[in-house]
Structures are given as C-alpha cells and as structure tokens.
Amino acid sequence: MPSPLIPKFDNFGLKENDVTDEQLYLSRRKFIGQGALAGSLAFASYLPLWAHAKASQKQGKFAAAQRSYDHKEALTRLEDITSYNNFYELGTDKSDPKTNADALQTSPWNIRIEGECAKPGNYTLEDILAPHTLEERIYKLRCVEAWSMIIPWIGFPLADLLKRFEPNSDAKYVAFETLYDKKNPLPGQKRKVVPWPYREGLRMDEAMNPLSFMAVGLYGDTLPNQNGAPIRLVVPWKYGFKSIKSIVKIRFSKTEPQTSWNDIAPREYGFYSNVNPTVNHPRWSQKRERRIGELFKVPTEMFNGYEKEVAHLYKGMDLKKFY
Ligand code: MTE
C-alpha cells in the first residue's frame with residue numbers, strides 16, 4: 001500500500017494538468033500512430049515540447065530538466081516501470097518486487113538524519129515532505145545491467161532537503177540507507193544478496209547538483225512500493241543502483257561511505273559509477289542499452305545524456321577509467 005501520508009496528486013500541490021498522466025500520454029501517441037506519416041513526424045517532434053511545457057509549469061527555472069526531454073523518446077509504459085524492477089529487498093527476479101510489494105509497510109515512515117550537520121534527528125515523512133513543492137521530471141534511468149527506462153518522476157531536489165539540516169564544512173559525502181528490520185526482514189532480506197541494509201552514497205557536490213532528485217511519485221501518482229516508496233533517490237547520470245529506494249537514513253560524513261555493491265564487488269561497481277559507454281563492465285559491454293518496451297538497442301550516452309549538467313563535477317578524472 002502506498003503511504004497514506006503522501007496524498008494523491010491533488011494534494012501534491014500539482015494540478016492534474018501539470019503532470020504526465022499515462023492515459024492522456026498514450027492517447028496522444030495513438031493519435032500520432034494513426035496520422036499520415038508527414039503529419040505524424042511533425043506532431044512527434046512537437047510531443048517532447050508538449051510534455052516539457054506541461055512539466056515546466058512547475059519546474060520554474062530548472063533548465064537541466066529540459067535536457068531530459070530533449071532525447072525525444074517515448075515514456076516507458078507504467079506497467080513496465082512497475083513490473084520490471086530491481087529491489088532486492090523484495091526478491092531478485094524482476095517480477096518479485098511487484099509480487100511482494102505488500103510486504104513493505106510504508107506508514108508510519110521516519111528518516112533519521114545523522115552526522116556532520118546542525119540539525120540531526122528523527123524526522124517523520126510528513127516533516128520531510130512538508131516544505132517542498134513537488135515537480136515532475138522526466139529522466140532516463142540507465143541500469144548497470146544495460147537496460148533503461150524513461151520515467152516521469154514526481155519529487156523535489158535533493159539539495160533542498162539536505163540544506164534544511166545545515167551540513168557543516170566537514171560534510172564531504174552523503175550516505176543513504178534503505179530500511180532493514182533484522183527481526184522482521186523483507187522477503188528478499190532473508191538471503192544475504194548484499195549486506196543489509198542496502199547502502200548508497202554521493203559526494204556532497206554530486207548530492208547538491210540540481211539533477212539529484214528525491215522522488216515520491218511517478219506518472220502523477222504516489223510511488224508504488226516496488227519503485228521505492230515512500231521516498232527514494234534518483235541520480236540520473238549514474239547507474240541505477242546508486243538511486244537507492246525506500247530511504248530511512250541520511251548521514252553527512254567526512255569520508256567516502258561504504259556502499260553495498262561497491263563493498264561486495266569493488267571491481268564491478270565503483271563508488272562513482274557514472275554512466276559511461278567507454279568503460280565496460282568486466283562481464284558485459286556498456287556501449288548500448290535495451291530500452292524496456294522498445295525493439296532495438298540504442299547507444300548509451302556519456303553521463304546518460306546529462307554531460308552538460310554534470311561533467312564539471314569530474315574535472316581531472318580520466319573518463320576512460322573505472323571509478
Ligand atoms: N534500492 C534498494 N534499496 N534496493 C535495490 O535492490 N536496486 C537498484 C536501485 N535502487 C535497488 C535500489 C537498482 S540496481 C536499480 S536499476 C534501480 O533501483 C531500479 O529502480 P526501479 O525498479 O524503480 O526501476
């Protein structure tokens with residue numbers, strides 16, 4: 001069950017017309033399919049602008065979001081986004097998270113803030129969400145397994161959340177944790193797939209980049225449990241495993257935090273793990289990706305297409321190397 005603390009989009013502060021509704025989106029696409037070719041092409045090139053215009057009503061001056069509409073690709077179907085998942089706490093098969101979604105109780109939900117900041121403490125989900133204006137952002141999610149999806153998220157910038165806790169000058173990194181109750185583990189946590197809890201982290205400047213996003217919904221509705229309810233991270237220029245789900249702890253730290261996949265396979269999953277088609281995974285190529293729901297593979301883009309927004313964060317790093 002989605003958390004009742006997060007209301008339907010009426011109360012998100014977004015009007016119905018501000019967000020991408022799948023039915024409306026699909027009916028427009030059907031119309032494209034039925035039109036004459038020339039007309040279709042003209043309309044198709046207009047479609048991303050239409051989507052952007054709708055979303056930008058809430059995005060204000062967030063220029064980077066515009067980039068994510070530039071790739072002119074269809075949104076992934078809601079059914080695919082919610083039934084083809086990686087959420088190992090709910091099982092390791094792609095269909096397990098949806099099947100076991102009800103095992104995740106999202107209410108009440110608290111997030112513990114720790115470490116190098118002036119305002120540590122236990123915050124309820126209501127405390128966390130209260131001051132934020134929600135917006136829609138259509139991002140490409142590129143999994144390290146070489147598949148990708150185009151997802152219309154609802155949420156707010158991670159930077160806006162972090163600033164509220166007043167991190168001090170020793171806060172060089174931010175660490176995140178997903179829920180783990182040893183006495184009452186989720187179905188997938190009965191096996192040690194990764195050392196639970198699932199942990200991830202970012203360098204502070206990565207976390208403060210305007211693209212880093214806290215999602216509480218998708219397709220204009222609350223986040224389904226299998227997608228990381230009630231609140232998750234989305235870092236679109238990094239491989240999907242950095243986008244940690246169902247967050248219960250955020251810690252500001254002086255040193256690079258331990259992260260789950262990097263802990264168990266450091267040569268396969270770097271701390272940075274920026275999407276990079278020139279650096280292959282030791283067991284497969286990262287040059288191309290399969291867009292879920294589409295027939296043909298497409299080339300993978302440097303930083304997943306967000307190079308303009310984030311390349312400056314990695315000045316001095318050799319982009320041909322694994323990090
Ligand atoms: N977060 C947690 N807590 N547990 C996970 O297993 N999987 C990651 C990431 N976040 C994962 C997680 C991986 S590998 C990917 S690709 C994305 O979530 C998938 O997000 P999605 O299922 O919403 O597409």
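The values are calculated or read from the model by the stated rules, or taken from the named source; none is laboratory data. Keep in mind that what you see is a predicted model, and the values were worked out from it rather than measured. Every residue, glycine among them, receives a Cβ derived from its backbone with ideal geometry; neighbour counts consider all protein chains shown. Areas reflect the complete protein model, heavy atoms only, side chains present, ligands, DNA and RNA absent. Shrake-Rupley method; radii C 1.70, N 1.55, O 1.52, S 1.80 Å.
Some observations on this one:
- Residues (over 21 Å from the mean Cα position of the chain (by Cα) and either at pLDDT below 95 or within 15 Å of the ligand (Cβ to nearest atom) (or both)) located in segment 170-187: 181, 185, 186, 187
- The residue that is nearest to the ligand (Cβ to nearest atom), among those in segment 233-252 that are among the basic types (Lys, Arg) and open to solvent by 10 Å² or more (accessible area, probe 1.4 Å), is 245.
- The lone criterion from (1) crowded, with 19+ Cβ neighbours inside 10 Å; (2) touching a strand residue (DSSP E or B) at 6+ places or on another chain (Cβ under 8 Å) left unmet by residue 298 is number (1).
- Selection within segment 210-225 - open to solvent by less than 10 Å² (accessible area, probe 1.4 Å) and either under 18 Å from residue 308 (Cα atoms) or assigned to a loop (DSSP other than H, G, I, E, B) (or both): 211, 212, 213, 220, 223
- Among residues that are part of a loop (DSSP other than H, G, I, E, B), within 13 Å of the ligand (Cβ to nearest atom) and buried (at least 21 other Cβ atoms within 10 Å of the Cβ), residue 196 is included.
- Taking each residue of segment 300-322 that is part of a helix (DSSP H, G or I) and looking for partners that are buried (at least 19 other Cβ atoms within 10 Å of the Cβ) and of a type in the set (Val, Ile, Thr) with beta-carbon atoms closer than 7 Å, six or more apart or interchain, yields 303/275; 303/310; 304/275.
- Within segment 271-302, the only residue that satisfies the criterion of being farther than 15 Å from residue 142 by Cβ and either within 14 Å of the ligand (Cβ to nearest atom) or within 19 Å of the chain's Cα centre (by Cα) (or both) is 271.
- Scanning segment 143-162 for residues that are more than 8 Å from the ligand (Cβ to nearest atom) and part of a loop (DSSP other than H, G, I, E, B) turns up just one, 146.
- Residue check, residue 202 within 14 Å of the ligand (Cβ to nearest atom), open to solvent by less than 30 Å² (accessible area, probe 1.4 Å) and over 17 Å from residue 87 (Cα atoms): yes
- Residue 228 vs. criteria of a type outside the set (A, V, I, L, M), under 19 Å from the mean Cα position of the chain (by Cα) and open to solvent by less than 10 Å² (accessible area, probe 1.4 Å): yes
- Selection count, segment 144-175, where residues are open to solvent by 10 Å² or more (accessible area, probe 1.4 Å) and closer than 22 Å to residue 294 by Cβ: 4
- Residue pairs whose Cβ atoms lie under 8 Å apart, sitting 6 or more positions apart in sequence or on different chains, and linking a residue in segment 76-89 that is aliphatic (A, V, I, L, M) to a partner that is assigned to a helix (DSSP H, G or I) and open to solvent by less than 10 Å² (accessible area, probe 1.4 Å), are 81/227.
- Across segment 253-269, the qualifying residues are those that are buried (at least 19 other Cβ atoms within 10 Å of the Cβ) and either part of a helix (DSSP H, G or I) or without any contact (Cβ under 8 Å) to a residue 60 or more places away in the chain (or both), and the one among them that is farthest from the ligand (Cβ to nearest atom) is 262.
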